[in-house]
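Just so it is clear, none of the values below were taken in a lab; they were calculated from the coordinates. Worth saying up front: this structure is predicted, and the values here are computed from it rather than measured. Glycine gets a Cβ as well: all are built from the backbone with ideal geometry, and neighbour counts include every protein chain shown.
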2 protein chains.
Amino acid sequence: MSSQDFKLTILGSSAALPANNRNPSSQLLTVDQQHYLIDCGEGTQLQLRRFHVKIQRIKAVFISHLHGDHYFGLLGLLNSMNLLGRKGEIGIVCPSDLKPIIELQMNAGGGRLQFPITYIFTDKVGGETKHLFEDERIVVSGFKLKHRIPCTGFLFRQVVKPRAFNAQFASQFEIPLAEIPKIKAGASFTLNDGTVIPNTDLTLDPPEPKSYAYCTDTRPLESTIETVRGVNLLYHESTFMNADADRAKTTFHSTSSQAATIAKSAGVGQLIIGHFSARYTNLDDMLKEAQDVFPNTVLADEGNEIIIN
Amino acid sequence: MSSQDFKLTILGSSAALPANNRNPSSQLLTVDQQHYLIDCGEGTQLQLRRFHVKIQRIKAVFISHLHGDHYFGLLGLLNSMNLLGRKGEIGIVCPSDLKPIIELQMNAGGGRLQFPITYIFTDKVGGETKHLFEDERIVVSGFKLKHRIPCTGFLFRQVVKPRAFNAQFASQFEIPLAEIPKIKAGASFTLNDGTVIPNTDLTLDPPEPKSYAYCTDTRPLESTIETVRGVNLLYHESTFMNADADRAKTTFHSTSSQAATIAKSAGVGQLIIGHFSARYTNLDDMLKEAQDVFPNTVLADEGNEIIIN
């Protein structure tokens, strides 16, 4: 197992108006070298190229909501995947209104993609988390946020890996090769003299599954606290500083302290804040406000990789 | 009159796949400090910001065709204009299929622009140039190109300015202030003794109106030669080098020599080539191929300003 088996890369950290060299929202979650893209603002494909990401390894894209700064880069990315010869399916987890937007633009361009899209719609995500996506590496559920238009948060949980065979311990017994898959799956092993070697001796605990929660754009919500409780890493938007709390409220956004309060109440491992308003050139004070409430906070800094061990 | 009264700025020079630090197609034509945007690939608003262009001074946008690398940046730009408080109308000269694409995305975002869009559709542009747009600074006509989907070239001609009052020469006569506008408009002036001072003595020739033609994406066309004859500056796409002429043909694009041959046949002042395929990292040989046919050729280099005097 690589120590980088669960990694978040920040591609964009800006609110609606890109400024101060910050790009609109996008993040890449990498689990065992497979990529999952979270939001896809304009220019995301350029950021992916800049950070040397293999775009064909993006297995699914998760779009929180249909404000342009969260999805205007998706069509360009799909087109580039196509030009570069992609054949493999991609999953798009999004509001259902995105499908006709994609199709209309594909049709206008007179082409069609050479790879299939599987859509999973977030329209019915409500107060409870809802299972949306699953593969051999992660399980993703959605939860409702509170913005001017319907908006979904995403909770990514790594799939529990099978127990690893403890070859060092097991070498003292003569275990037929055919038995090893059974042992990995949980079986014990019985020696010729009838002694039972329990599975827990023959195998090692798998690494603790990692978890990541993504919350943008939203007012701070009580309900988020329970949903994200105990995750290793929480991204919570922090569009405004505390002095602009009124502005945050009217635009359905959060402040630095509000984001940090949710992190603290939910007992998460680490908080990352982003979606910064163009009005802030320097973010040092923004970070300090959050750290005053929840010390283990970092800024979403483009190109930054956060590895969860 | 500033010496920079007719200026082209290159914002993007890449073909469909952005690569080698080249961005998708976009150019800015500036006439007397008013901006006209020509194509608007993904990331154009970021390029405009990078080159310190005042986006609210963009009066009209001209979209050649509906391949994404020529318009995927438009929605983001319109959104940013809106966020920054634009109230003034913008013209969008484009295929009519672009209108529902814009509207669908605006509706999905739950907002609407605080400024009006005037659409002018290019659908009926045929073999002859067709008048599309006109204001106090420029007249723009469209002409048909040959690509995989309908595509329009644009010909920008500066409006002939009124004759300037020759104050130095006229100072020897006592000309009432009220007469000056008439003289500027072409009137002669009659002295008290009945002598007629002809208008050509009282005024100076206005500067020669400048012209610019934009041709992308297209196979090389005979018809283009007559359309762009004698323009000061011609942009012609040069997606491929000569060695890839077959590829140019099947993808409905042009090579460097083909672009230069059109420039030469049309007797233009200067040629600028662009829309470079991602396969070319270095463009020196591409430029040389074009210059072998038409020496006064330059590469579309992002951030480059070409001032026509």
**Message:** Give me the residue from the range B:31-51 that is polar (S, T, N, Q) and crowded, with 21+ Cβ neighbours inside 10 Å and, out of that set, nearest to the other protein chains (Cβ to nearest Cβ).
**Reply:** B:Gln45
**Asked** Among the listed residues B:Pro176, B:Pro209, which satisfies the condition of being surrounded by fewer than 22 Cβ atoms within 10 Å (Cβ to Cβ), in contact (Cβ under 8 Å) with a residue 40 or more places away in the chain and assigned to a loop (DSSP other than H, G, I, E, B)?
**Response** B:Pro209
**Asked** Which of (1) part of a helix (DSSP H, G or I); (2) on the phi > 0 side of the Ramachandran plot does B:Gly85 not meet, given it meets every other one?
**Response** (1)
**Complete:** Within the range B:16-30, residues away from chain A (no Cβ under 11 Å) and under 18 Å from B:Leu75 (Cα atoms) come out as B:Ser25, B:Ser26, B:Gln27, B:Leu28
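To keep it simple, each residue is scored yes or no on (1) within 14 Å of chain A (Cβ to nearest Cβ); (2) under 23 Å from B:Thr216 (Cα atoms); (3) aromatic (Phe, Trp, Tyr).
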| position | (1), (2), (3) |
| --- | --- |
| B:Glu128 | no, yes, no |
| B:Phe133 | no, yes, yes |
| B:Val140 | no, yes, no |
| B:Arg157 | no, yes, no |
| B:Phe165 | no, no, yes |
**Request:** Tell me which residues, restricted to the range A:59-105, are within 9 Å of another protein chain (Cβ to nearest Cβ), over 15 Å from A:Thr152 (Cβ atoms) and among the acidic types (Asp, Glu).
**Result:** A:Asp69
**Item:** Selection within the range A:106-117 - within 14 Å of chain B (Cβ to nearest Cβ) and either touching a Gly at 6+ places or on another chain (Cβ under 7 Å) or closer than 26 Å to A:Phe143 by Cα (or both)
**Value:** A:Gly109
**Asked** Restricting attention to the range B:82-110, and to residues there that are of a type in the set (D, E, K, R) and touching a helix residue (DSSP H, G or I) at 6+ places or on another chain (Cβ under 8 Å), which single residue is nearest to B:Gly41 (Cα to Cα)?
**Response** B:Asp97
**Message:** Return the residues of the range A:15-39 that are in contact with a Leu (Cβ under 7 Å, 6 or more places away or on another chain) and in a strand (DSSP E or B); say none if nothing qualifies.
**Reply:** A:Ser26, A:Gln27, A:Leu28, A:Leu29, A:His35, A:Tyr36, A:Leu37, A:Ile38
**Request:** For the range A:224-278, name all the residues that are free of Cβ contacts under 8 Å to residues at least 24 places away in the same chain and out of contact with any Ser or Thr (no Cβ under 9 Å at 6 or more places or on another chain).
**Result:** A:Asp246, A:Thr250
**Asked** Restricting the range A:129-173 to residues that are within 16 Å of the chain's Cα centre (by Cα) and aromatic (Phe, Trp, Tyr), which is surrounded by the fewest Cβ atoms within 10 Å (Cβ to Cβ)?
**Response** A:Phe133
**Asked** Which number in (1) in contact (Cβ under 8 Å) with a residue 12 or more places away in the chain; (2) farther than 21 Å from A:Val268 by Cβ; (3) among the basic types (Lys, Arg) marks the one condition that A:Arg157 misses?
**Response** (2)
